[in-house]
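Engineer: Take this structure first; my questions come after.
The values are calculated or read from the model by the stated rules, or taken from the named source; none is laboratory data. As the structure is a prediction and not an experimental result, all values here were calculated from the model. No Cβ is skipped: glycine too gets one built from the backbone with ideal geometry, and neighbour counts run over all protein chains shown. With ligands, DNA and RNA removed, areas are computed over all heavy atoms of the protein, side chains included. Shrake-Rupley method; radii C 1.70, N 1.55, O 1.52, S 1.80 Å.
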Amino acid sequence: MKKLAAILSCIIFVMALSYLGWRSIEHEVLMRQHQQRSLAQSRLENIKSSIESLLNQRSVYLISLIQLLEKGAGTFDNLLQSQSDIKNAFEIRHNNIVYISNSNDLQWVKFVESIKYDNAILINPNSSNELSLPTSGWYQSYDHLIFWSKKGNIIKGFELSTIKFALDIIRLFEDQSIDDNFSLYEGSKQIYAHGHSTINDINVMLDYPLQNWQLTYYYSSPNFVTFYWLGGGILFLFIVLVIGIVCYVYREYTRAIRLAKQQVSFVGQVSHEFKTPLTNITLYSEMLKEQLTDEPFPVPEYLDVITSESQRLTRLVQNVLNLSKPAKQNFKAVNLTLLIERVYQTFNPVLKTKSLQLNLILNSNKNHTIFTDEDSVMQIISNFLSNAEKYAVDGKKVDLSLTTQNNQTIITVRDYGRGIPKHLLKKIFNPFYRINSSITEGVSGTGIGLTIANQLAQQLQGTIKVTNENPGTAFSLILTEHVHEDFNR
């Protein structure tokens, strides 16, 4: 089931990675399209500004001609003969036409008369508000492009030749040697075209009085097919690399698990072979001790050492066997208060030989009893105290406490040593793991004590909590006080 979950997780991860990668490529394509269009829009605005700037130059030029007329330095007829870009001219004084060129053109005459009757038609298109009325500006109607100037009741105007103005625009673009592809239209009539057309274009209308003029700018898009192939290839290689890394890590992980299982199995088989001879050694040493009790020193003391060491080696072997095969639990009502006191009596002399003071703290009633496995609890607490004896001698004291809280029983062994680095608190429960520091230097150990303790706690439906104190470390066995029926399910 775990393997299937891992495979499904990998598939989901690869699919999510592929989706995000493809979305990134599409986002990049959209960004480049937007940049290309923005660049084209900017170039189009520059061309539009060039045309409008040329029209403003004509405005300044025509104002100077009107000023010459006002000073009497010229006449309309002279200006019409000398200025080829001026098609027609007129002057209106007190709503009367005092001069009009090309009076044979009835349409032109009708157009000037409309201005005579209502000269507001000149002002309105150039006025942004009623408080500030313009005194000059452009007026466009049908195919007439008029520049006018009003002073009092006198209105002077020139009709600009749109053909000549278009030729000036063409000359302007030719002088600029631009590389853009665009077309200029007046209505549906094309005035100018440069470059070639493409499938991508942007259209913009010029401002008044050239509102009938349209600019069409053509631009090409980058070759996104190549971009898709390149991006897809990179994404594919990246996914293959990620899958390769995941497979490598999974293979190394399974290899480590397999080696650990083989190691535990081997150690368990060897330990099982040690168990029978160790039992015989312990048995015969005790029998020999009974028969040699009257022997002088050092025979009894040597026998005590042989018995003690054989018993210690037997416990070590039993620990290894428990690691490879979970111990059988025998749940029954256990008086934890008496159990903790018995542990205290057992370890107090041992800790005293290491100059460690063992403090017993009972925060429960005298006969606190729960359903649990006595041997497992004994082994877990003994492991805690054994570690304190080996690694926390500097602290000079160890606290062994029993606390009841709500429906939980907490047995804590707190030392006052140098503590355990925070990032190693979880690793200490791994099989055969020992902290590599000055604390463990020169101290014998197998690295399986806490692993076994953790397994036993789980079999008791309990947990082990490790916290760094100031100073030292606290190991707590937390047991939930289940009712008896819970263990019979």
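Engineer: Nearest 10 degrees is fine. How inclined is helix 336-353 to the longest principal axis of the chain, computing both from alpha carbons?
Structural biologist: 80 degrees
Engineer: While we're here: Please list, ordered by chain and number, the residues whose modelled amide H lies under 5 Å from the amide H of Ser141; skip anything fewer than 5 residues away on the same chain.
Structural biologist: Amide H neighbours of Ser141, under 5 Å, 5+ apart: Ile146.
Engineer: Same structure, new question: Can you list the residues, at least 5 places off or on another chain, whose amide H is less than 5 Å from the amide H of Ile448, using H built in the peptide plane?
Structural biologist: Residues meeting the amide H criterion: Phe432.
Engineer: Lys/Arg Cβ at +1, Asp/Glu Cβ at -1, dipole of the range 1-70 taken about the Cα centre: which of Ile11, Ser49, Leu62 is farthest positive-ward?
Structural biologist: Of the options given, the answer is Ile11.
Engineer: Spin-label point model (7 Å from Cα, Cβ direction): what's the Glu28 to Val466 distance in nm?
Structural biologist: It works out to 4.6 nm between the two label points.
Engineer: Which pairs break 25 Å Cα to Cα here: Lys110/Lys150; Lys71/Lys164; Lys396/Lys465; Lys261/Lys426; Lys275/Lys354; Lys71/Lys110?
Structural biologist: Flagged as over cut-off: Lys71/Lys164; Lys275/Lys354; Lys71/Lys110.
Engineer: Let me ask something else about it. Modelled label-to-label distance, Lys164 and Lys427, 7 Å Cα→beta-carbon offset: nm?
Structural biologist: Going by the 7 Å Cα→Cβ label model, 9.2 nm.
Engineer: Still on this structure, please answer the following. With a ≥ b ≥ c the root eigenvalues of the C-alpha gyration tensor of the range 34-138, is it rounded (a/c under 1.5), prolate (a/b larger than b/c) or oblate? Please report the intermediate quantities before stating the final value.
Structural biologist: Numbers: a/c = 2.23, a/b = 1.75, b/c = 1.27.
The shape class here is prolate.
Engineer: Taking a ≥ b ≥ c as the square roots of the eigenvalues of the Cα gyration tensor of the range 150-193, is the shape rounded (a/c under 1.5), prolate (a/b larger than b/c) or oblate?
Structural biologist: prolate
Engineer: Among Leu235, Asn104, Leu460, whose Cα lies farthest out toward the positive end of the dipole of the chain, if unit charges sit on the beta carbon of Lys, Arg (+1) and Asp, Glu (-1)?
Structural biologist: Most positive-ward Cα: Leu460.
Engineer: Okay, next question. Tell me, in nm to one decimal, what length is gained between Ile361 and Asn153 on full extension, where the rule is 0.36 nm per residue of separation less the Cα-Cα distance?
Structural biologist: Working: separation 208, 0.36 × 208 = 74.88 nm, distance 11.33 nm.
In short, 63.5 nm is gained.
Engineer: A further question follows. Calculate the dipole size of the chain relative to its Cα centre from +1 charges on Lys and Arg beta carbons and -1 charges on Asp and Glu beta carbons; express the result in debye to the nearest 20. Intermediate results must be reported in sequence, preceding the final value.
Structural biologist: Numbers: 45 positive and 44 negative charges, 240 e Å.
Here the size comes out at about 1160 debye.
Engineer: Zone of Ile435 (label point 7 Å along Cα→Cβ, backbone N under 13 Å): which residues in the range 377-401?
Structural biologist: 387-395
Engineer: Roughly how many whole Å is it from the C-alpha centroid of the range 330-367 to that of the range 256-298?
Structural biologist: If we compute the Cα centre of each part, the gap is 27 Å.
Engineer: For the range 224-231, just list the computed ³J(HN,Hα) in residue order, Karplus coefficients 6.51, -1.76 and 1.60, θ = phi - 60°, integers in Hz, with x standing in for Gly and Pro.
Structural biologist: 6, 4, 4, 4, 5, 5, 5, x
Engineer: Let me ask you something else. Report the accessible area of Ile92, computed with a 1.4 Å probe over the heavy atoms of all protein chains in place, in Å² rounded to the nearest 10.
Structural biologist: 0 Å²
Engineer: Here are a few candidate values for log10 I(q)/I(0) by the Debye sum over Cα atoms at q = 0.10 Å⁻¹: [x] -0.94; [y] -0.86; [z] -0.78. Which one was actually calculated from the structure I just gave you?
Structural biologist: Given [x] -0.94; [y] -0.86; [z] -0.78, the calculated one carries the label [x].
Engineer: Starting from the Cα-Cα distance between Leu20 and Ser64, subtract it from 0.36 nm times their residue separation and give me the gain in nm to one decimal.
Structural biologist: On the way: separation 44, 0.36 × 44 = 15.84 nm, distance 6.50 nm.
In short, 9.3 nm is gained.
Engineer: Next question. Let me know the shape class of the range 312-424, please: from the alpha-carbon gyration tensor, a ≥ b ≥ c as square roots of the eigenvalues, rounded when a/c is under 1.5, otherwise prolate if a/b is greater than b/c, or oblate.
Structural biologist: oblate
Engineer: Gain in length, Leu39 to Leu259, computed as 0.36 nm per residue apart minus the alpha-carbon separation, to one decimal in nm? Display every interim value, and only then the final one.
Structural biologist: Working: separation 220, 0.36 × 220 = 79.20 nm, distance 6.30 nm.
Full-extension gain reported as 72.9 nm.
Engineer: Between Glu301 and Asn223, how many nm apart are label points set 7 Å from Cα along the C-beta direction?
Structural biologist: Spacing of the two 7 Å Cα→Cβ label points: 9.5 nm.
Engineer: Next up: Considering the zone a paramagnetic label at Ser53 would reach in this model (a point 7 Å from Cα along the Cα-to-Cβ line), which residues of the range 193-218 have amide N under 12 Å from it?
Structural biologist: none
Engineer: I would also like to ask the following. HN-Hα J couplings of the range 288-297 from phi, Karplus 6.51/-1.76/1.60, θ = phi - 60°, integer Hz, Gly and Pro as x?
Structural biologist: For the range 288-297, the Karplus curve yields 5, 5, 5, 7, 10, 5, 8, 5, x, 4 Hz.
Engineer: Can you work out ³J(HN,Hα) from phi for every residue in the range 424-435, in order, using Karplus 6.51 cos²θ - 1.76 cosθ + 1.60 and θ = phi - 60°, giving whole Hz and x for Gly and Pro?
Structural biologist: So the Karplus estimates, Gly and Pro as x, are 9, 4, 7, 6, 5, 8, 6, x, 6, 8, 10, 5 Hz.
Engineer: Leaving out ligands, DNA and RNA, what percent of the accessible area of the chain is carbon and sulfur, probe 1.4 Å?
Structural biologist: 55 percent
Engineer: Please give the charge dipole size of the range 27-160, origin at the Cα centre, charges +1 on K and R Cβ atoms and -1 on D and E Cβ atoms. Round to the nearest 20 debye. Kindly include the intermediate steps, with their values, before the conclusion.
Structural biologist: On the way: 13 positive and 13 negative charges, 46 e Å.
Approximately 220 debye in magnitude.
Engineer: In debye, nearest 20, what is the charge dipole magnitude of the range 80-229 about its Cα centre with +1 on Lys and Arg Cβ and -1 on Asp and Glu Cβ, if you could check?
Structural biologist: 560 debye
Engineer: Please work out how much accessible surface Thr307 shows to a 1.4 Å probe, ignoring ligands, DNA and RNA, in Å² rounded to 10.
Structural biologist: It works out to around 20 Å².
Engineer: Further question on the same structure: Can you give the helix-only mean residue ellipticity at 222 nm for the chain, where every DSSP H stretch with n ≥ 4 adds -39500 (n - 2.57) and the sum goes over all residues, rounded to the nearest 500 deg cm²/dmol?
Structural biologist: Using -39500 (n - 2.57) per qualifying helix, the result is -18000 deg cm²/dmol.
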